Structure formats: structure tokens, C-alpha cells
Amino acid sequence: MNITHLGQQSSLPARPEDAVLDYVPNPRPGRPYLVRFTAPEFTSLCPVTGQPDFAHLVIDYAPQATIVESKSLKLFLSSFRNHAAFHEDCTVGIGERLFAEMQPHWLRIGGYWYPRGGIPIDVFWQSGHPPAGLWLPSQDVPGYRGRG
């Protein structure tokens, strides 16, 4: 186990590809359970205009051998602040990277993006079917309603 960030001073990576995600052993291997991370203030940049885009991300996964260390995940997600990409690329890219590196039983991500040009864009990705017997709560992020 090589921990880069926990208990250490860490700077914000300039780009998502520069971010190092730390993984630690699953403290409850062999038990089906769900881990949820919520990032209600996720930010990236529009690749066309350079203007900021905002999203509420919900990441759910059923760990296998490892779990992602939360400080490293926070730094990874924060590295998107200066990253120019479409909503679909950010959301699916985050899910695919976590799934490829951590190799959980199952992972899903919901990206609930605030309106751009008057249209909210929600993006969802999952690695496959959830494991049998896994309690899977809804993500409970209401659709965008605007004012009133």
C-alpha cells in the first residue's frame, strides 16, 4: 500500500491525468456493501467557451479488494477545475478511471449538470449489473427545475 496524500500536504493537480488516486485495502472484503461519494460542487470548463460548468456528482461502488482514499479522490475531482471537456467526457471518464484502477465489483456515476444554454444535461454510466443482494439506494438528486 503506497499512500501519496493521506496525512501529507498535497497540492492540487493541474490536470486530471496528473492526479494520483490512492487505494487502501477493503476493511470488509467478502461482504456486499455500497460506498457513496457525493460532490455537489464539481466544476470543469466548457471546451468551447472556456466558461465554468457545474455539476452534482454521485459516485456509488461496491468494493472488492480496495477502496479509494477520499482525500485523493477529492484532489482528483478538483483537478477538473481547469479541464476543458464536455459533460459526457468528464462524467464517464471519472467512472471509467475509478473502475479501471480500483476494480470494484460494480460502479456507477451520476453527473447532474446545471444548465448550459438553458438545458440541464444529466450523464449516467455504470460498469454493468450491480451484484446480487447489494442494497442500491436511489441517487435522490432532483431534476433541475429553475426558479419556482
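What follows is calculated from the coordinates using simple rules that are stated; it is not laboratory data. Values in this document were obtained by computation on a predicted structure and should not be read as measured data. Every residue, glycine as well, gets a Cβ built from its backbone with ideal geometry; the counts of neighbours run over all protein chains shown.
May I ask for the net charge around LEU34, where only other residues with Cβ less than 13 Å from the Cβ of LEU34 are counted and Lys, Arg are +1 while Asp, Glu are -1?
That sum, taken over residues with Cβ under 13 Å, equals +3.
Take the alpha carbon gyration tensor of the stretch 2-86, find the square roots of its eigenvalues, order them as a ≥ b ≥ c, and report rounded if a/c is under 1.5; if not, report prolate when a/b exceeds b/c, else oblate.
Working: a/c = 2.95, a/b = 1.64, b/c = 1.79.
Verdict is oblate for the stretch 2-86.
Evaluate the charge dipole of the chain about its Cα centre and quote only its size in Debye, nearest 20, assuming +1 on the Cβ of each Lys and Arg and -1 on the Cβ of each Asp and Glu.
340
With each label point set 7 Å from Cα along the Cα-Cβ vector, what nm distance links ARG81 and PHE37?
1.7
Rg over Rh of the chain, using C-alpha atoms and the Kirkwood radius, what does it come to?
Working: Rg = 15.8 Å, Rh = 16.1 Å.
That ratio is 0.98, to two decimals.
Could you give the angle, 0 to 90 degrees to the nearest 10, between helix 87-102's Cα long axis and the longest principal axis of the Cα atoms of the chain?
Compared with the principal axis, the helix lies near 10 degrees.
DSSP loop chymotrypsin sites (Phe, Trp or Tyr not before Pro) in the stretch 52-148 with at most 13 other Cβ atoms within 10 Å of their Cβ, which ones?
Loop-located and lightly packed - TRP135.
In whole Hz, with x marking every Gly and Pro, tabulate ³J(HN,Hα) for the stretch 23-38 from phi via Karplus 6.51 cos²θ - 1.76 cosθ + 1.60, θ = phi - 60°.
So the Karplus estimates, Gly and Pro as x, are 10, 10, x, 5, x, 10, x, x, 10, x, 8, 10, 10, 10, 10, 10 Hz.
Name all residues of the stretch 3-43 having a backbone nitrogen under 20 Å from the label point set 7 Å from the Cα of TRP135 along its Cα→Cβ direction, giving them as ranges.
The answer is 27-38.
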